[in-house]
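Read through the structure below, which is laid out as structure tokens, and then see the notes.
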Amino acid sequence: MKARDYANIIYREVIPLLPADEKYNLISQIRRAATSIPANIAEGYGRFYYQSNIQFCYNARGSLEELLSHLVLSHDFGYINNAMFEKVIAQGNNLDLLLNGYITYLRKTKQGEKEFNSHKSIPEETAVYIEE
């Protein structure tokens, strides 16, 4: 899974670059956000209703955006060099597109239209989606 691979890259390649004095601040936030992405996708997949799955995918997307923000700050602080920054940002943006494509797929699934409270959808801004 791409989200799990991304979390592994963050843990193995980015976190070791951060200074020890960020252990309880930035490192902790990065760890939580990185692991939250695949965890929310997995939890949503395990739900019975499509709308629940979609909501957990929205949570995963929020965690991804949080992580990207922490990575930008890490780069701004000089903890991450340009090459690593460009690599993890590009991978994060790709994961965002994949996640948006999965959300679009779930929203188009007919079973999701028949579930309880499906008329109560969460509005989403127009974005570029890809499906693999």
### Query
Has segment 20-37 got any residue that is of a type in the set (Ser, Thr, Tyr), out of contact with any helix residue (DSSP H, G or I) (no Cβ under 9 Å at 6 or more places or on another chain) and open to solvent by 80 Å² or more (accessible area, probe 1.4 Å)?
yes
### Message
So, Ala83, is that one over 12 Å from the mean Cα position of the chain (by Cα), open to solvent by 20 Å² or more (accessible area, probe 1.4 Å) and of a type in the set (A, V, I, L, M) or not?
### Response
yes
### Task
Under 6 Å between Cβ atoms, at least 6 apart or on separate chains: pull out the pairs that start in segment 7-22 with a residue that is in a helix (DSSP H, G or I) and at pLDDT 95 or above and end on any residue that is surrounded by 12 or more Cβ atoms within 10 Å (Cβ to Cβ) and of a type in the set (Gly, Ala, Ser).
Ala7/Ala34; Ile10/Ala34
### Task
Report yes if Gln91 is at pLDDT 85 or above, assigned to a helix (DSSP H, G or I), out of contact with any Ser or Thr (no Cβ under 6 Å at 6 or more places or on another chain) and not basic (Lys, Arg), otherwise no.
yes
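Return a yes/no flag: does segment 63-75 have any residue that is of a type in the set (D, E, K, R) and modelled with pLDDT of 95 or more. Reasoning before the result, please.
Here is the first cut: in segment 63-75, the ones of a type in the set (D, E, K, R) are 65-66.
So of that shortlist, the ones also modelled with pLDDT of 95 or more come out as 65-66.
Yes, that holds for at least one residue.
Scan segment 9-17 and tell me whether some residue there is surrounded by 14 or more Cβ atoms within 10 Å (Cβ to Cβ) and within 13 Å of the chain's Cα centre (by Cα). Let's see the steps before the verdict.
So the first thing to find is which residues in segment 9-17 are surrounded by 14 or more Cβ atoms within 10 Å (Cβ to Cβ), and the list is 9-11, 14-15.
Filter once more, keeping what is within 13 Å of the chain's Cα centre (by Cα): 10.
Yes: segment 9-17 contains one or more residues that are surrounded by 14 or more Cβ atoms within 10 Å (Cβ to Cβ) and within 13 Å of the chain's Cα centre (by Cα).
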### Of all residues in segment 43-78 being closer than 15 Å to Gln29 by Cα and of a type in the set (Ser, Thr, Tyr), the one that is surrounded by the fewest Cβ atoms within 10 Å (Cβ to Cβ)
Ser69
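The values are calculated or read from the model by the stated rules, or taken from the named source; none is laboratory data. Computed from a prediction, not measured in an experiment: that's the story for all the values here. All Cβ positions, even for glycine, are placed from backbone atoms using ideal geometry, and neighbour counts span all protein chains on display. Protein only, heavy atoms only, side chains kept; ligands, DNA and RNA dropped before computing areas. Shrake-Rupley method; radii C 1.70, N 1.55, O 1.52, S 1.80 Å.
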